[in-house]
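A.B. asks: Sharing a structure below in structure tokens format, with a few things to ask.
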Amino acid sequence: MAEKKKCLATVKSQSELAPGIYSLWLAFPEEYNVAAMAKPGQFLSLYSDDGSRLLPRPISICEIDAAKRMIRLVYRVAGAGTLEFSGKQEGDTIAVVGPLGNGFTPRSGKSILIGGGIGIPPMLALAKSLSGEVQVVLGYRDAVQFLKEDFTPYASVYVSTEDGSVGTKGNVIDAIRAEGITADVIYACGPMPMLRGVKAFAAEQGIEAQISLEEHMACGIGACLGCVCTTKEKDAHSHVNNTRICKDGPVFDAQTVEI
């Protein structure tokens, strides 16, 4: 695979969807159309204008519009870098490398897409790309439900909330059981406790699950080994039970990783 180049993306629009949650549309140059290369489940690394912040911020791809050379990112302000990005306005530029990582592998048949918290955005690009019956289960803390309406043209949408204010009270697995949802394959992204529950549920049901692991990343290209997870099988090159989330993931077969 060719090394990805850094390019300048132009901000087309930005809005705040919920407190601290921003939707950012980026346009890419014709000579390096990142959107044409991107797949659901991949991410972009965004660089700060502040030279003291050397490491990029990895943000999952939410929507892809290859024809318009545009990608949508939905992210949470979590520190100085993302706070800087949230202040960008139409016409501003951001240095970007991507698309990075390995995304989801589409399967035929009936699917469940599970997103929890800031793991919800990458499931939208996937929902738009799948054929067959698509069911989406979104997990929120409370009634603030960013992106929920964006899924409705592409899937049946179910919601769980921790406080029970909307949908099923509890977690995403509680909602799946309460609604009697079944499928041939599960795709999921969210916090680690949620992914552990998804892995266990998929094993119980005997169905495939592809999970996207959220992890703090440094280089984002697999060089620094700062974002490894444990695997059942030994890596063919290093001969240890580790794999790099940024380079070999972030999407894995749930049964191949120890979480």
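Read-outs throughout are calculated quantities, based only on the coordinates presented, and are distinct from any laboratory measurement. Remember, predicted model here, so these are calculated numbers, not experimental data. Cβ atoms come from the backbone with ideal geometry, glycine included; neighbour counts cover every protein chain shown.
A.B. asks: Using the structure shown, list the pairs from Lys148/Lys199; Lys39/Lys199; Lys4/Lys169 with a Cα-Cα distance above 31 Å, or answer none.
C.D. replies: On the way: Lys148/Lys199 24 Å; Lys39/Lys199 23 Å; Lys4/Lys169 43 Å.
Listed pairs above 31 Å: Lys4/Lys169.
A.B. asks: Between Glu16 and Tyr154, what FRET efficiency comes out of the Förster formula 1/(1 + (r/R0)^6) with R0 = 22 Å and r the beta carbon distance, rounded to 0.05?
C.D. replies: On the way: r = 24 Å, r/R0 = 1.07.
Efficiency computed from Cβ-Cβ geometry: 0.40.
A.B. asks: Continuing with the same structure: If you project the alpha carbons of the stretch 104-214 onto the principal axes, what extent comes out on each, in Å, largest first?
C.D. replies: Result for the stretch 104-214: principal-axis Cα extents of 34, 30, 27 Å.
A.B. asks: Give a residue-ordered list of calculated ³J(HN,Hα) values for the stretch 35-47 (Karplus: 6.51 cos²θ - 1.76 cosθ + 1.60, θ = phi - 60°; whole Hz; x for Gly, Pro).
C.D. replies: These are the phi-based 3J(HN,Hα) values: 4, 6, 9, 6, 10, x, x, 7, 9, 10, 9, 9, 9 Hz.
A.B. asks: Relative contact order for the stretch 72-151 using alpha-carbon pairs under 8 Å, separation at least 6, rounded to a whole percent? Can you show the working numbers first?
C.D. replies: Values: 63 pairs, mean separation 21.7, N = 80.
The normalised contact order for the stretch 72-151 reaches 27 percent.
A.B. asks: Can you give the FRET efficiency for Asp163 and Glu204, using 1/(1 + (r/R0)^6), R0 = 22 Å, r = Cβ-Cβ distance, to the nearest 0.05?
C.D. replies: Working: r = 27 Å, r/R0 = 1.21.
Here the calculated transfer efficiency is 0.25.
A.B. asks: Right, next: Apply the Karplus curve 6.51 cos²θ - 1.76 cosθ + 1.60, θ = phi - 60°, to the phi angles in the stretch 143-153 and return the couplings in whole Hz, x for Gly and Pro.
C.D. replies: So the J values, rounded to whole Hz, are 6, 7, 10, 5, 6, 4, 5, 5, 7, 4, x.
A.B. asks: Please give the contour-minus-distance gain from Ala95 to Ala78: 0.36 nm per residue of separation, less the Cα-Cα distance, rounded to one decimal in nm. Present the calculation step by step, with values, prior to reporting the outcome.
C.D. replies: Details: separation 17, 0.36 × 17 = 6.12 nm, distance 1.89 nm.
That works out to 4.2 nm of additional length.
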